[in-house]
Ligand SMILES: [Zn+2]
């Protein structure tokens, strides 16, 4: 499906992805990726490789890490090559290597090459990433390369259209880390030990589920329904990511999927048509062989076939670990954002096949880039923004997604929208921000 004259599947897929799904079949054969001048005449456009990063090799490719400061082409940062476009006879020859640049970003090549750079949870820090250091984490530059490539195709006389601007799809996702604040006897003891008031804890334990401060799901569903109604169900899908296991401190509380309270939450998801995905545990982030068992447990408890995933703590640490998602029968993953900075970790805001940077192969797993996670904006260790700054930053990202006709993936937790400080966040404005963002998106 993704084979053009280059004979290299990953290069063909990237060309296909850059042109855009609807037009790719028609035009991808016009584009060559070669430095061999004798072959130039076979193509309408030739992109000249400036790095061997896309080609299978047993050792790290030469010239495989872009040097800062980057140059740019027509205002778009360029990772490899020179901003030179010139005619050779009837062929437009492009020395800006947007193929290698796209591969570097889409495959998380940098994370594979810099294994020693990880945070305390084993994750590659966004602030260490090239897009952050070069100042373009807020731009989906791979999609901008697509716009350049379509422009060059038009220069060769091909009538390739630009996609209609607008957000194609909005995923409203909610990771269920801690669904209830005080609903077990253990929770009551915890509060008593803290000296937080055993009377109040006992009342929450014995009272109705709706009085529990972390049980904000009815409010979340109300917001999500409002947006679905405004933009249409096909354009807006809510998802709850629910845990199916976990053994480390970071995985606590481990909740009982069969408890009456959990069954109430699952009942909401059924009646309100909220999708359920697996929230793979932090343990599974460290040891991805566990993903399959956790998925199995969640499927049994919900009676549903699970095919979506997001890792707790976004702890899908190594690029190659995605292969374990595939093996577990996951078809769609929503983990691909940096915890410490919101933006475009994969350089795109469109769903993209996972590219294995080690084998240079294209898989059947689809990655849905995570645009914004609530705590990335507010956490003092991360972006540490005030409400107004967070709102402005989010709207800027929304605008970028709309310009690229991409997808928006929002992640808001049930225990950040309580309006109070919680373990997860000291910012009390996440409820207000989510409500405002939903209103803004309803106008789209
Ligand atoms: Zn989580």
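Below is a table of values for the structure above.
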{"quantity": "Alpha-carbon Rg with Dmax, taken over the stretch 9-155, Å", "calculated": "15.7, 55"}
{"quantity": "Gain in span if fully extended, residue 366 to residue 230, counting 0.36 nm per residue against the direct Cα distance", "calculated": "46.3 nm"}
{"quantity": "Ranked list, fewest to most other Cβ atoms within 10 Å of each Cβ, for 158, 10", "calculated": "158, 10"}
{"quantity": "Angle between the chain longest axis and helix 185-194 axis [Cα atoms, degrees, rounded to 10]", "calculated": "90 degrees"}
{"quantity": "Residue exposure sequence - 302, 418, 359, 271 - by fewest surrounding Cβ within 10 Å", "calculated": "271, 359, 302, 418"}
{"quantity": "Estimated FRET transfer efficiency (residue 256, residue 84; beta-carbon r; R0 56 Å; 0.05)", "calculated": "0.35"}
{"quantity": "Residue order, fewest to most beta carbons within 10 Å, for 216, 335, 436", "calculated": "436, 216, 335"}
{"quantity": "For the chain, built as a Gaussian network whose Cα springs stay under 10 Å, the top-fluctuating residue of 102, 129, 404", "calculated": "129"}
{"quantity": "Among 378, 22, 315: highest mean-square fluctuation, GNM of the chain, C-alpha pairs under 10 Å", "calculated": "22"}
{"quantity": "Principal-axis tilt of helix 260-271 within the chain, Cα atoms, nearest 10 degrees", "calculated": "50 degrees"}
{"quantity": "Gap separating the Cα centres of the stretch 333-391 and the stretch 412-430, nearest whole Å", "calculated": "20 Å"}
{"quantity": "Residue of 177, 333, 321 that the Gaussian network model of the chain assigns the largest fluctuation, springs spanning Cα pairs under 10 Å", "calculated": "321"}
{"quantity": "Pair residue 42, residue 359: separation of 7 Å Cα→Cβ label points (nm)", "calculated": "2.7 nm"}
{"quantity": "Alpha carbon centroid spacing (whole Å) that separates the stretch 140-185 from the stretch 68-133", "calculated": "19 Å"}
{"quantity": "Crossing angle, helix 141-155 versus the chain [Cα axis fit, 0-90 degrees, rounded to tens]", "calculated": "30 degrees"}
{"quantity": "Three-way shape label, the stretch 115-254, alpha-carbon gyration tensor, a/c 1.5", "calculated": "oblate"}
{"quantity": "Label point 7 Å beyond Cα of residue 423 along Cβ direction - residues of the stretch 215-238 with amide nitrogen under 19 Å", "calculated": "215-217"}
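The numbers here are math on the coordinates, done by the rules we state, and not lab data. Source: prediction; values computed, not measured. Note: ideal-geometry Cβ built from the backbone for every residue, glycine included; neighbour counts use all protein chains shown.
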